[in-house]
1. Amide H neighbours of B:GLN144 under 5 Å, counting only residues 5+ apart in sequence or on other chains, H built in-plane at 1.01 Å?
2. What Kirkwood Rh does the range B:130-257 have if only Cα atoms enter the pairwise 1/r average? Answer in Å.
3. Within a 10 angstrom radius of each residue's Cβ in A:83-89, how many Cβ atoms of other chains show up on average? Whole number is fine.
4. List B:GLU220, B:GLU257 from most exposed to least, where exposure is judged by having the fewest other Cβ atoms within 10 Å.
5. By count of other Cβ within 10 Å, fewest leading, how are A:VAL55, A:VAL42 ordered?
6. May I ask for log10 I(q)/I(0) of the range A:6-127 at q = 0.10 Å⁻¹, from a Debye sum over the Cα atoms as equal point scatterers with solvent left out?
7. If you put +1 on each Lys and Arg Cβ and -1 on each Asp and Glu Cβ, how big is the dipole of the protein assembly as shown around its Cα centre, in Debye rounded to 20?
8. Arranged from highest to lowest average of other beta-carbon atoms within 10 Å per residue, in what order do the peptides B:165-175, A:109-119, B:203-213 appear?
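Just so you know, all these numbers are worked out from the coordinates, no wet-lab data involved. Only a predicted model underlies this, so the values are computations on that prediction, with no experimental measurement involved. Reconstructed Cβ throughout: ideal geometry from the backbone, glycine too, with neighbour counts over all protein chains shown.
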Amino acid sequence: MNMRSPLARVLGAGSARQGVHHWWSQRVTSVALVPLSIWFLVSLLSLPSFDHWVVSAWMAQSSSALLLILFVLVAAWHSQLGLQVIVEDYVHAAGARIVTLVAITFAHVLIAAAGVLAVLKVALRSAQ
Amino acid sequence: MAEFRLPRNSRIARGVTHAAAAGATQVRAVRIYRFNPDSGENPRLDTFELDTKSCGPMVLDALIQIKAATDSSLTFRRSCREGICGSCAMNINGVNRLACTTPMQELQGDIRIYPLPHMPVVKDLVPDLTHFYAQYAAVKPWLQTRTPAPPDRERLQSKEEQEKIDRPAACILCACCSTACPSYWWNSERYLGPAALLAAYRWIIDSRDEATGERLDELEDPFRLYRCHTIMNCTDVCPKDLNPARAIAEIKKMLVERTS
Ligand code: SF4
Ligand code: SF4
Ligand code: FES
């Protein structure tokens, strides 16, 4: 039986004194994603064809490779921040919430690293 | 996980229909949520056929009339009947509002009245607001200072400074906003909700208050503050035309500004 006062329940374990960094990063990454995604779509669509060698040659240019890596990293970061919000909204059991959040972080680091590796491999191989 | 269905003992059954008195000329059906914790039964939806000619124009008038003439066990809160005490907040035709300032004429079709959503129900239209009030108390809704007040007068505030708190201070704590907020439905244990956050904001921007930093510290929390996702239901329903969503956005802005 929970006999704590209503105020004690609201105060709980106190303020985490964090959250502003998460909130602000979410805004900044979404702003960064606007030019990055426009650049990505416009560059892809303006390629003469989607043949393997055409796309690889485009990726081999330093500017494309650099922006693609940024795109992958920022998109993964933004997605991780967004999924964290959804989990915090809906997963109420503390244990399940923490495990899910850690799993999501791992998955995003993996996706980001795999994306960077893929860009580098294509770019460096085609550049030879 | 969040609950998307009512628990079994909260599902609403069909209730009884009280036919209009003979000779009634302007009959409207008023469907009202009924729940009596002592009966051990599930809640039900009763229908009262009301002769709107025989009562005043507002939804509260209808409730008072039904209680007086048809069913004295009908339970609801009211006091001022002029939109200033905040007691009569309920969900009327799907929207949280004050029964005393909602004209029946503005409602389409049958009138459907439920208690404020997602709160424990004490009886009929009376929700348990204990937690909601504790959240208000948690933001320390009073002036905090270190500078002693001038011995011979009140603490001064310019006209512009007063105007900043004029609107937020008009909140009547009716709970229409918080109980319309999906984030509050899912996480009210830890999310303070728009009403308490508006109250916190009212003291954060009070030029006489000297605890601004501590107040912001207390709010900077993934749950207390950042469960607000700017859905804006709060601002839509506020019967006093206040803007809790903007107050919350301002608090978030102040938290960013003090880090850079
Ligand atoms: S902000 Fe408006 S809706 Fe919310 S409690 Fe205050 S008066 Fe009611
Ligand atoms: S703006 Fe924030 S407080 Fe208002 S309804 Fe939306 S989530 Fe709730
Ligand atoms: S009775 Fe006071 S606000 Fe409706």
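1. For B:GLN144, whose amide H was placed from the backbone, the distant partners under 5 Å are B:GLU210, B:ALA211.
2. Working: mean 1/r = 0.0666 Å⁻¹.
When all Cα pairs of the range B:130-257 are included, the Kirkwood radius is 15.0 Å.
3. Taking the mean over all residues of the peptide, I get 3.
4. By the 10 Å Cβ count, ascending, the order reads B:GLU257, B:GLU220.
5. Details: A:VAL55 16, A:VAL42 9.
The most exposed by this proxy come first: A:VAL42, A:VAL55.
6. -0.45
7. My answer is approximately 460 debye.
8. B:165-175, B:203-213, A:109-119
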